[in-house]
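S.K.: Sharing a structure below in structure tokens format, with a few things to ask.
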Amino acid sequence: MDGPKNLTGVWQGLFSYPRMYRAAGFTATLIEAGGHLTGSTTEIAVGGPRDGTAVSAFLSGRRTGSRVTFTKQYEGPEPPNHAVEYEGTLAGDLMEIDGRWFIPGSWAGRFLMIRSGGRSVEEARQAFERA
């Protein structure tokens, strides 16, 4: 059976905040065409004025071989309405992206994205939080 040829699809993601034990989750929809990435994410805000509410963001970036970079720009007039940069490495089977996120001059942390149909998110969460 042939595997995926690009990053287009639905992904489940986890990211860590500095000094926070449990990883936060998000769902991303990616579209890849000619190495260019676009898409969107939805997540539940952790902390801040939108704590516990769903927030959305647009994605724009690139894939060059196994290197994946994108900017996540949150929507809305209230925080979080900033951009977050992501840099990651794509697994050889195109099913996982592992890397780091950062807000220039501010916070940084790790992230992991798992394509739908890959390993279970709970299994990945446990490994992610142990690392």
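Since every read-out is calculated from the coordinates, none of them should be taken as a lab result. Everything numeric in this text was worked out from a predicted model, so none of it was measured. Ideal geometry is used to build each Cβ from the backbone, glycine not excepted, and the neighbour counts take in all protein chains shown.
S.K.: Taking 20 °C and 1.002 mPa s as the conditions, I'd like the Stokes-Einstein D for the range 9-130 in µm²/s, using the Kirkwood hydrodynamic radius from alpha carbon pairs.
M.R.: Details: Rh = 14.6 Å.
Estimated diffusion coefficient is 147 µm²/s.
S.K.: Kindly rank 95-105, 42-52 from highest to lowest mean number of other beta carbons found within 10 Å of each residue. Present the calculation step by step, with values, prior to reporting the outcome.
M.R.: Details: 95-105: 15.5, 42-52: 13.5.
Packing order, densest peptide first, comes out as 95-105, 42-52.
S.K.: Mind listing the long-range amide H neighbours of residue 46? Cut-off is under 5 Å, sequence gap 5 or more, other chains count too, H placed in the peptide plane at 1.01 Å from N.
M.R.: Placed amide hydrogens put 52 under 5 Å from residue 46.
S.K.: Now for a separate question. Take the Cβ-Cβ distance between residue 71 and residue 10 as r, set R0 to 22 Å, and report the resulting FRET efficiency rounded to the nearest 0.05.
M.R.: Working: r = 20 Å, r/R0 = 0.89.
Plugging the Cβ-Cβ distance into 1/(1 + (r/R0)^6) gives 0.65.
S.K.: What FRET efficiency do you get for residue 108 and residue 51 if R0 is 30 Å and r is their Cβ-Cβ distance, rounded to the nearest 0.05? List each step's numbers first, then the result.
M.R.: Details: r = 21 Å, r/R0 = 0.69.
So, using R0 = 30 Å, E works out to roughly 0.90.
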